[in-house]
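Q: Pasting a structure here, questions to come.
The values are calculated or read from the model by the stated rules, or taken from the named source; none is laboratory data. Everything quoted here is computed from the prediction, not taken from an experiment. Cβ placement follows ideal geometry from the backbone for every residue including glycine, while neighbour counts extend to all protein chains displayed.
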Amino acid sequence: MGRLSHRENNPNFSKEPSKAVEEMMDCYGSLILRTAYFFLGDRFLAEDISQETFIRAYRHWAKFREDSSVKTWLVKITMNLCRDKMRSKGWTEQTTESILLNKPITYNLEEEVIKRINETQILKYVLGLPPHYQEVLYLFYYLDFNTAEIAKTTGDPEGTVRGRLHRARRLLGEQLKKEGIM
Amino acid sequence: MTNPNNDIKNLLKRELDDTLFESLDFQPMLKNEVKNKIKPIKKQIWIYKFWNTRFAIPITVGAVISLMFFSILISQPSDSKPSENKKINTYVSEGKNTNLIKEQRAIKSWNLDSPNELKQWLGRKYFFLPIHQKVLDSIEFKSQEQVRIVLTK
């Protein structure tokens with residue numbers, strides 16, 4: 001229940017775009033949906049964004065240069081779509097800065113889920129960090145990206161990503177120490 | 001001894017999966033929607049590729065040739081024949097020095113039976129003498145061979 005079961009290490013996808021997209025949806029569908037949800041905090045929007053991600057992947061599959069993994073490429077598309085969505089008219093809940101958000105993510109969550117998040121040991125602190133730290137921690141810990149992959153995904157220099165990750169982990173560590181978890 | 005980084009990673013993953021992402025999966029319904037949305041794009045891409053690869057060059061060449069053909073056709077002066085309603089002009093030479101008669105045989109010979117017939121034939125026609133345009137005023141018949149034609153400006 002709830003665990004991702006995508007194949008790792010850049011599986012070979014078909015050269016035929018529609019077949020490749022089907023394979024990508026099987027491999028990374030849930031991962032993409034969750035990534036969109038993590039950044040947007042809205043399930044329906046996340047579904048739209050994840051679908052749009054695969055449609056874009058279909059359109060550009062022939063141009064995919066394989067200089068990054070398919071997973072990195074798909075996450076990059078997703079994040080760009082999330083940014084576009086947040087910049088678009090009518091999206092007033094959150095604004096964007098250089099990368100993603102400059103306000104804490106507002107989730108449309110049921111009270112039950114909020115209660116469970118508050119009972120978590122790490123997640124509640126991660127979600128309390130500034131958005132650019134949340135983003136880097138999510139990509140690093142949840143998606144298993146290295147700093148180079150995070151840099152490719154966000155479009156930031158790798159040094160910036162490394163610095164941001166270092167600060168995020170330090171902030172998180174301080175919180176965890178305070179709580180006596182670490 | 002465990003790596004604290006891995007501990008954080010595993011714990012954070014588990015907490016995300018169990019709380020925020022619980023039951024958040026890319027359902028077959030979403031997959032089918034994507035497939036349906038892809039179908040029209042598939043056609044568009046196919047048409048685009050088809051035209052690009054097979055027809056783009058021949059169509060461009062054809063268009064250029066047709067443009068050239070029509071531009072030549074339009075730039076040429078029209079040498080259409082005058083309509084029947086146009087006035088018939090008669091060209092009369094100025095003398096032996098002109099080549100007008102040789103070039104444009106406007107004067108023809110007829111056997112006319114009577115002066116009236118000549119009058120009828122001439123009617124009120126325009127005579128083009130070199131340079132000046134004259135209008136037939138009257139015709140006088142001096143004898144069988146001599147006819148006097150009076151022209152006015």
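Q: Quick check: is even one residue across the range A:130-145 under 27 Å from A:D26 (Cα atoms) and either modelled with pLDDT under 90 or exposed (fewer than 14 other Cβ atoms within 10 Å of the Cβ) (or both)?
A: yes
Every residue, every condition in (1) without any contact (Cβ under 8 Å) to a residue 12 or more places away in the chain; (2) within 13 Å of chain B (Cβ to nearest Cβ); (3) touching a Lys or Arg at 6+ places or on another chain (Cβ under 8 Å), yes or no:
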{"residue": "A:I122", "(1), (2), (3)": "no, yes, no"}
{"residue": "A:H132", "(1), (2), (3)": "no, no, yes"}
{"residue": "A:K152", "(1), (2), (3)": "no, no, yes"}
{"residue": "A:V161", "(1), (2), (3)": "no, no, no"}
{"residue": "A:I181", "(1), (2), (3)": "no, yes, no"}
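Q: Output the residues belonging to the range A:16-39 that are touching a residue at least 60 places away in the same chain (Cβ under 8 Å) and among the hydroxyl-bearing types (S, T, Y).
A: The answer is A:T35, and nothing else.
Q: Pairs under 7 Å by beta carbon, first residue closer than 15 Å to A:M24 by Cα in the range B:29-55, partner at pLDDT below 90 and assigned to a helix (DSSP H, G or I), six or more apart or different chains?
A: Sorted first by the residue in the range B:29-55, then by its partner, the pairs are B:I38/A:S18.
Q: Follow-up. Of the residues that sit in the range A:28-78 and are in a helix (DSSP H, G or I) and basic (K, R), which one is nearest to the other protein chains (Cβ to nearest Cβ)?
A: Filtering the range A:28-78 for residues that are in a helix (DSSP H, G or I) and basic (K, R), the one nearest to the other protein chains (Cβ to nearest Cβ) comes out as A:R34.
Q: In the range A:134-150, what count of residues is obtained for those that are more than 11 Å from every other protein chain (Cβ to nearest Cβ) and aromatic (F, W, Y)?
A: Here the count works out to 1.
Q: Another question, then. I'm trying to understand the selection: among the residues of the range A:49-65, which are among the aromatic types (F, W, Y) and either closer than 23 Å to B:L24 by Cβ or surrounded by fewer than 19 Cβ atoms within 10 Å (Cβ to Cβ) (or both)?
A: A:F54, A:Y58, A:F64
Q: Among the residues of the range B:21-37, how many are part of a helix (DSSP H, G or I), out of contact with any Asp or Glu (no Cβ under 8 Å at 6 or more places or on another chain) and at the interface with another protein chain (Cβ under 7 Å from one of its Cβ atoms)?
A: 3
Q: Looking only at the range A:81-113, count how many residues are surrounded by 15 or more Cβ atoms within 10 Å (Cβ to Cβ) and either hydroxyl-bearing (S, T, Y) or modelled with pLDDT of 90 or more (or both).
A: Total satisfying the criteria: 4.
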